[in-house]
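Colleague: Sharing a structure below in structure tokens format, with a few things to ask.
The values are calculated or read from the model by the stated rules, or taken from the named source; none is laboratory data. Only a predicted model underlies this, so the values are computations on that prediction, with no experimental measurement involved. For neighbour counting, all protein chains shown are included, and Cβ atoms are generated from backbone atoms with ideal geometry for every residue, glycine included. Areas reflect the complete protein model, heavy atoms only, side chains present, ligands, DNA and RNA absent. Shrake-Rupley method; radii C 1.70, N 1.55, O 1.52, S 1.80 Å.
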Amino acid sequence: MAGMTALAGTVVHEARMAQRGRVLWLAMVPAVLLSFVLGLGSPVVGGLTDPVARIGAWAMLLTTFCAPALAVALADRFSRLLHSRRPGLAELLESTPGSGTLRMIGTLAGPLAVGLSPVAVVLAAVCVAAAVTGGAAGPVLGAGLVALGTIVVPGALVATTIAALLTLLVPVAAARVVVVALWFWSTHLNTELLAVPTLARTLFSPLGGYPAAAWLHASPSWASGSPPGILSPPPTTPAALLSVALVLGAAAAFVATARAVAGLRA
Amino acid sequence: MQITIEGLGKTYGKGRRALDGVDLRLDSGMTGLLGANGAGKTTLMRILAGVLRPTAGRVLVGGHDLATSAGRIAVKRMLGYLPQELAVYPDLTAAEFLDYIALLKGIDDRQARRRQVEHLLGQVGLADDANRRAGTFSAGMRRRLGIAQTLLGDPRLIIVDEPTAGLDPQERMRFRALLAGLGGDRTVILSTHILDDVAQSCPRVAVLTAGRLVFAGTTEGLVGAAAGRTFVVDSRVPLGRDDVLVNATAFADGTRVRIVSTGPPPGARPVPPTLEDGYVALLQDGGVTAEVAR
Ligand SMILES: Nc1ncnc2c1ncn2[C@@H]1O[C@H](COP(=O)(O)OP(=O)(O)OP(=O)(O)O)[C@@H](O)[C@H]1O
Ligand SMILES: [Mg+2]
């Protein structure tokens, strides 16, 4: 019970601080604007005629730029709990009875929710536009929620948690560079251009290609590569569920690893 | 509540020994912790607060063993801790900062939280600044905000590391009155370089020198270390090699110095010692001959 109180406190107040600070907005405003402009002009996003497919494509586009932007902005979330720039604060938090794991989760989750809010706003606007231009309200709303829950949020979670974990191992600036590289390697690496192994177009890709293809009428090529392999089966519903679970599981594993690393440091 | 410290040692990386074989028992009430810069006061307090692990020895706080995670949590439930240096979150207001810490301490009732926050802000003289961002506070105001968070949740164990550093005289007096007014069965450990703080508020005192405990006992006992050894003498009189000059005061007819001395120079007039003299006498003895009262 006290643990939940402490978690709620961390989420609320860390969110408030992130919202009042500049860092999050310096990263998110350009990322959202860039996605917005690209999406409007693109035939495979804003130009799609199927409203549900359009929503799925928008979600993947927004995730492409906003997840790494969030990861860069929130990379210091775990390291600040161990050795804050601000003297005494890490120690003061540590002197309270709550669990360190919950403090980590809250310190990330609160600001993440704030950072995702402009993405949710754009996605909502896309849904409204889809409904107005002929889509039925029900399916459009459903598509918006599926897009948010299975594409945007898991992608943002996995990107921010790995960034926050990395800052416990390497300096924050290095972690930011590494996470951006990792992100585009695991989501968009074109193997015809660069013949290296990649997570892009596999079940492990955090871009959300599988849920988009399985549930949001996206082209199957967003999910699996050609030819489909053991890591990139055709985008059926079970495959999409597995993909979302893998991405969320990876985020949880990053948090658990960060907790273990933090424990060793103490 | 009783704190028992046995054979406590802390060696930081690169073999820097901050605490060495400290044995100490503390009972309810206020204990002042004195010692030169680097003596190990902060290290000891951080161990007692459960945020730093010792490398030797053991600590029992109210029967809870700090070596176990359950013991640390139990102690943290009744703890109010003020680190020596405490920054604030610049983007939170004073009231929000206190609300955050109150939630972390598990105070889940919203009304109770608001009442405590308001009350404590008043107690440290920040009632009018409750809704100002803490980033705009002066150093002394930040210190007072730190003091206020220490008292959230009515803790039974209070560990404050140089709480009055940077406070103006009026605020320092207010702080003393605040501590004195807490009452109840509480254990307060207060480190400071301001001997007056201890003389005014702490019936008991412990002194660390280079990581070792050189005195533990009543504050009067420490004052007594300079009994018969405190003198006032004209500044023109040459002092002995082991005499320690405590202070000097200029008068119309010349300057007089206050010294702690085992063999006073001619013309020295004995005066009753203060805590400062006792502390000087203790250091003069290198802590060796001092009574270590238990
Ligand atoms: N994090 C640390 N790493 C290495 N050495 C440390 C660390 N913190 C303290 N020390 C060393 O431990 C010793 C005791 O330090 P501590 O901060 O406990 O002293 P203190 O009595 O609180 O001093 P002050 O009056 O200056 O606050 C010092 O020699 C200091 O250099
Ligand atoms: Mg100190």
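Colleague: If we count every other residue with Cβ under 13 angstrom of B:T11's Cβ, Lys/Arg +1 and Asp/Glu -1, where does the sum land?
Modeller: Its environment carries a net charge of +4.
Colleague: On to the next question. So what's the back-of-envelope 222 nm ellipticity for chain B, counting only DSSP H runs of four-plus at -39500 (n - 2.57) apiece and dividing by all residues, rounded to 500?
Modeller: Result for chain B, helices only: -9000 deg cm²/dmol.
Colleague: Convert 25 °C to kelvin, take the viscosity as 0.890 mPa s, use the Kirkwood radius over C-alpha pairs of the protein assembly as shown as Rh, and evaluate the Stokes-Einstein diffusion coefficient in µm²/s, rounded to a whole number.
Modeller: This corresponds to a translational diffusion coefficient of 90 µm²/s.
Colleague: Pop a pseudo-label 7 angstrom from the Cα along the beta-carbon direction at both B:Q2 and A:R86 and give the gap in nm to one decimal.
Modeller: The two pseudo-label positions are separated by 4.0 nm.
Colleague: Which is farthest toward the positive dipole end of chain B among B:V223, B:L195, B:A36, measuring Cα position about the Cα centre, with Cβ charges +1 (Lys, Arg) and -1 (Asp, Glu)?
Modeller: B:A36
Colleague: For the pair B:L182 and B:A36, what calculated FRET efficiency results from E = 1/(1 + (r/R0)^6), where r is the Cβ-Cβ distance and R0 = 30 Å, to the nearest 0.05?
Modeller: 0.55
Colleague: Can you compute the modelled spin-label distance between A:S42 and B:T136, with each label point 7 Å from Cα toward Cβ, in nm?
Modeller: If labels sit at A:S42 and B:T136, their model points lie 4.3 nm apart.
Colleague: Where in region A:73-87 is the amide nitrogen less than 19 Å from a point lying 7 Å along the Cα-to-Cβ axis of A:L169?
Modeller: A:73-83
Colleague: I want to verify a result. In a Gaussian network model of chain B, Cα cutoff 10 Å, which of these has the top mean-square fluctuation: B:S28, B:S235, B:S191?
Modeller: B:S235
Colleague: Hey, quick one: spin label on A:A260, modelled 7 Å out along Cα-Cβ, who in region A:160-203 has an amide N within reach, i.e. under 18 Å?
Modeller: A:161-170
Colleague: Quote the FRET efficiency, to the nearest 0.05, computed for A:L26 versus B:R17 with a Förster distance R0 of 41 Å and r equal to the Cβ-Cβ distance.
Modeller: Calculated transfer efficiency: 0.35.
Colleague: Just to be sure I understand the model, the point goes 7 Å from the Cα along the line to the Cβ. What's the resulting B:D253 to A:A181 distance in nm?
Modeller: Here the answer is 8.2 nm between the modelled labels.
Colleague: With no solvent and one point per C-alpha, what does the Debye sum give as log10 I(q)/I(0) for region B:3-223 at q = 0.15 Å⁻¹?
Modeller: For region B:3-223 at q = 0.15 Å⁻¹, log10 I(q)/I(0) is -0.99.
Colleague: Moving on. Where q = 0.11, 0.18 Å⁻¹, what log10 of I(q)/I(0) comes from the Debye formula for region B:104-246, counting one point per Cα?
Modeller: -0.57, -1.13
Colleague: Between A:V12 and B:A210, what's the calculated FRET efficiency when r is the beta-carbon distance and R0 is 56 Å? Round to 0.05.
Modeller: So, using R0 = 56 Å, E works out to roughly 0.80.
Colleague: How far, in nm, would the chain grow between B:R58 and B:D196 when pulled straight, counting 0.36 nm per residue and subtracting the alpha carbon separation?
Modeller: Stretched fully, the B:R58-B:D196 segment lengthens by 46.6 nm.
Colleague: What value, in deg cm²/dmol to 500, does the helix sum -39500 (n - 2.57) over DSSP H runs of n ≥ 4 give at 222 nm once divided by the residues of chain A?
Modeller: -23000 deg cm²/dmol
Colleague: What trypsin sites (Lys or Arg not before Pro) does region B:94-180 have in DSSP loop regions with at most 14 other beta carbons within 10 Å?
Modeller: Loop-located and lightly packed - B:R132.
Colleague: Starting from the Cα-Cα distance between B:L245 and B:T68, subtract it from 0.36 nm times their residue separation and give me the gain in nm to one decimal.
Modeller: This chain segment gains 59.0 nm when fully extended.
Colleague: Could you compute how much accessible area chains B and A hide from each other, both sides summed, with a 1.4 Å probe? Nearest 100 Å² is fine.
Modeller: 2700 Å²
Colleague: While we're here: Set Lys and Arg Cβ to +1 and Asp and Glu Cβ to -1, take the dipole of chain B about its Cα centre, and tell me which of B:M1, B:T274, B:L60 lies farthest positive.
Modeller: B:L60
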